[in-house]
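Trainee: Have a look at this one.
The values are calculated or read from the model by the stated rules, or taken from the named source; none is laboratory data. Note that the structure is a prediction, hence the values are computed from the model and not measured. When we count neighbours, we look across all protein chains shown, and the Cβ atoms used for this are built from the backbone with ideal geometry, even at glycine. Protein only, heavy atoms only, side chains kept; ligands, DNA and RNA dropped before computing areas. Shrake-Rupley method; radii C 1.70, N 1.55, O 1.52, S 1.80 Å.
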Amino acid sequence: MIHSLKFIAAAALALTTLGPATGASAEGLIRISQQFGTLYLPLHVIRDQNLLEKHAKALGLDEIKVEWAQLSGGDAINAALLSGSIDIAAAGIGPFLTLWGRTDGEVKIVAGLANQPNYLISSNPDIKSLKDFAATDKIALPAVGVSVQARILQMAAEKEFGEGNQGKLDNNTITLPHPDATAALLSGSTEITSHLSNTPFQEQALKDPKIHKIFSSYDVLGGPVTPTYLYATTEWREENPKTFQAFFEALKEASAWIEANKKAAAETYVRVEKSKLDPAFIQSLIEAPESKFTVVPSRSFAFADFLYRTGAIKKKAESWKDYTFDELHGENGS
């Protein structure tokens, strides 16, 4: 049984809890957040094909109740997880590591969603590199300071301007969900001249000849990156072992199905998102060499090392396995 649920982000952001709260969840109930973009396609497939119900039944749970929350931005998602309003958070590696550090490791990664690049794109023809940004050039991203896009920008700034200068462009950033940021960039009617985006919004924007790409996160990190993760509290996993396992198995099946059925996966995305985009366009993005749907983290530790080294988090990770659940530890992650 699937129920739609939408939280008010402003209320979530008002939460000041510093550690995971005990939620109302119980074995057989799971509340999952998601954001915008093709990265979240495995969640669409789980929902569309009733994979959670399938794996729950195989594990002896005759009925499972699934609730979905559409949120935008790591702050709102972390607040919802801490308050017990959701059980599975879906957000970037930046917000996750911030929360992992805040809770002293009481929150861990269940799985990655996909390897996909994030592009910094701009409508200002004078901006060719980070050195060309003036104070008036605003960069839209999902959450100032903490989103994976914010952290990618900081890592790029450190490479461009030198150690200690990772925050050089922080004052240029504005919080805006990807769909709104794309619309603002294309309209040219706001102060937003750039967007650190994701798929399919970045490719959609680049169809306009006045939009150009400045860099890819793959350039900044030196190869494929898993930008977004699904994570949960250790308490919820311990109290709901069958529900947790059903979700993990459903996610693995969804990822494998997408890789084997890219045309049908694109059609699923358009149908579930009620998107007006051409399924063939979405299929081309899923088939791109840079895209791979896999639960295995890639280059997450580069973020953990950066955030600790720059003082953004106080907890040091020695390995990517320190902040992931055991189910991933047999994989060749990073």
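Trainee: Take the alpha carbon gyration tensor of segment 201-334, find the square roots of its eigenvalues, order them as a ≥ b ≥ c, and report rounded if a/c is under 1.5; if not, report prolate when a/b exceeds b/c, else oblate.
Mentor: oblate
Trainee: Which residues among segment 206-231 fall inside the zone where the amide N is under 19 Å from a point 7 Å beyond the Cα of residue 159, along Cα→Cβ?
Mentor: 212-228, by backbone N distance to the label point.
Trainee: Loop-only check: which GluC sites (Glu not before Pro) in segment 271-334 are DSSP coil with at most 16 other Cβ within 10 angstrom?
Mentor: 287, 290, 318, 331
Trainee: Another question, if that's okay. Can you give me the Cα centroid spacing of segment 28-67 and segment 291-334 in angstrom?
Mentor: Taking the Cα centre of segment 291-334 as reference, the centre of segment 28-67 is 24 Å away.
Trainee: If you don't mind, another one. Considering the dipole of the chain built from charges on the beta carbon (Lys and Arg +1, Asp and Glu -1) around the Cα centre, which of 206, 69, 188 is farthest to its positive end?
Mentor: So the residue we want is 188.
Trainee: Now a separate question. Over 27 Å between Cα atoms, which of 242/263; 138/213; 108/314 qualify?
Mentor: Going by Cα-Cα distance, 242/263 fall outside the 27 Å limit.
Trainee: Given the peptides 237-244, 51-58, arrange them by the average over their residues of other C-beta atoms within 10 Å, most packed first.
Mentor: Result, highest mean Cβ count within 10 Å first: 51-58, 237-244.
Trainee: Within the accessible area of the chain, what % is carbon and sulfur when the probe is 1.4 Å and the other protein chains stay in place?
Mentor: Whole-percent figure for carbon plus sulfur exposure: 50.
Trainee: Same structure again: What is the distance, in nm, between label points placed 7 Å from the Cα along the Cα-to-Cβ direction at residue 319 and at residue 288?
Mentor: If labels sit at residue 319 and residue 288, their model points lie 3.3 nm apart.
Trainee: Averaged per residue, what accessible surface does segment 257-334 expose to a 1.4 Å probe, in Å²?
Mentor: 51 Å²
Trainee: About its Cα centre, what dipole magnitude does the chain give when the only charges are +1 on Lys and Arg Cβ and -1 on Asp and Glu Cβ, stated in debye to the nearest 20?
Mentor: That gives the chain a dipole magnitude of about 380 debye.
Trainee: Counting only heavy atoms of protein chains, what accessible area per residue, in Å², does segment 84-189 have with a probe of 1.4 Å?
Mentor: Result: 32 Å² per residue.
Trainee: Between residue 305 and residue 50, what is the spin-label point distance in nm, taking each point 7 Å from the Cα along the Cα→C-beta axis?
Mentor: That separation, rounded to one decimal, is 4.7 nm.
Trainee: Can you list the trypsin sites (Lys or Arg not before Pro) in segment 279-334 that are in a DSSP coil and have 16 or fewer other beta carbons within 10 angstrom?
Mentor: Answer in residue order: 314, 315, 316.
Trainee: With the cut-off at 24 Å, tell me which of the pairs 128/207; 159/252; 128/168 have Cα atoms farther apart than that.
Mentor: Over 24 Å Cα-Cα: 159/252.
Trainee: What percentages make up the Cα-Cα pair-distance distribution of the chain when the bins are 20 Å wide from 0?
Mentor: Calculated over all Cα pairs of the chain, the distribution is 33, 60, 7, 0 percent.
Trainee: While we're here: Please figure out what share of the DSSP beta bridges in the chain is antiparallel and state it in percent, rounded to the nearest 5.
Mentor: For the chain, the DSSP antiparallel bridge percentage is about 50.
Trainee: Same structure again: Distance from the Cα centre of segment 265-290 to that of segment 126-179, in angstrom?
Mentor: 28 Å
Trainee: Near the amide H of residue 118, under 5 Å away, which other amide H atoms are found, from residues 5 or more places off or on another chain, if H is placed in the peptide plane?
Mentor: The list, which skips near neighbours in sequence, is 217, 218.
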